[in-house]
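Novice: Dumping the structure here so I can ask a few things about it.
The values are calculated or read from the model by the stated rules, or taken from the named source; none is laboratory data. These numbers come from a predicted model, not from an experiment. No Cβ is skipped: glycine too gets one built from the backbone with ideal geometry, and neighbour counts run over all protein chains shown. Ligands, DNA and RNA are excluded from the accessible area calculation, which covers all protein heavy atoms including side chains. Shrake-Rupley method; radii C 1.70, N 1.55, O 1.52, S 1.80 Å.
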Amino acid sequence: CAAALLEKLYGLGLVSCRRSLAVCERLSAAAFCRRRLPCLLLKLRMAQNLRHAVTFVEQGHVRVGPEVVTDPALLIPRAMEDFITWVDASRLRQKVLDYNQERDDFDLAA
């Protein structure tokens with residue numbers, strides 16, 4: 001049971017190692033809050049502050065994998081962290097692409 005618990009907590013990104021149950025004793029509520037989607041948007045530098053990150057999520061500008069997410073309280077596991085992106089039709093995505101001069105001519109018609 002201990003190994004399964006440690007594996008689950010490691011998969012969620014709440015602990016950094018899977019060695020002993022001592023890390024479970026030090027687990028705090030802040031660790032859960034750091035795994036929420038707006039906090040990860042800050043970590044990925046997709047938002048300037050937490051308030052903007054929450055607004056982006058609530059307005060539907062962010063997707064995790066193929067799903068558009070509108071719940072800012074969503075906990076993101078370690079495996080899904082790489083799949084956080086802008087929605088294809090998002091104005092924010094278009095602005096970022098314009099700024100980086102990476103916008104495709106095909107996207108200009110859309």
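Novice: Taking the dipole about the Cα centre of the chain, with the C-beta of Lys and Arg at +1 and of Asp and Glu at -1, give me whichever of Gly11, Cys24, Gln48 is farthest to the positive side.
Specialist: Going by the Cα projections, it comes out as Cys24.
Novice: If you don't mind, there's one more thing I want to ask. Could you rank the peptides 94-104, 70-80 by their average count of other C-beta atoms within 10 Å per residue, with the highest value first?
Specialist: Packing order, densest peptide first, comes out as 70-80, 94-104.
Novice: Continuing with the same structure: If you place +1 on the Cβ of every Lys and Arg, -1 on the Cβ of every Asp and Glu, and leave all else neutral, what size is the dipole of the stretch 35-109 about its Cα centre, to the nearest 20 Debye?
Specialist: Around 460 debye, computed over the stretch 35-109.
Novice: What is the spin-label model distance, in nm, from Val68 to Val87 if the labels are put 7 Å beyond Cα along the C-beta direction?
Specialist: Simple spin-label model gives 0.3 nm for this pair.
Novice: Still on this model: Just how far, in whole angstrom, is the stretch 67-84 from the stretch 39-60 if you go by their alpha carbon centroids?
Specialist: Value for the Cα centre distance between the two parts: 12 Å.
Novice: Here is a further query. If you build a Gaussian network model of the chain, linking Cα atoms that sit under 10 Å apart, which residue out of Leu92, Leu40, Leu21 swings the most?
Specialist: Leu21
Novice: Computed over the Cα atoms of the chain, what is the ratio Rg over Rh, Rh following Kirkwood?
Specialist: Using only Cα positions, Rg/Rh for the chain is 1.09.
Novice: Taking all protein chains as present, what is the carbon and sulfur share of the accessible area of the chain, in % to the nearest whole number, probe 1.4 Å?
Specialist: So the carbon and sulfur contribution to the accessible surface is 54 percent.
Novice: Residues of the stretch 56-97 with backbone nitrogen within less than 17 Å of a virtual label 7 Å along the Cα-to-Cβ line of Arg103, please, listed as ranges.
Specialist: The answer is 86-97.
Novice: Given an 8 Å cut-off on Cα distances and at least 6 residues of separation, report the relative contact order of the chain as a percent.
Specialist: For the chain, the relative contact order is 20 percent.
Novice: Roll a 1.4 Å probe over the protein chains and send me the accessible area per residue for the chain in Å².
Specialist: 70 Å²
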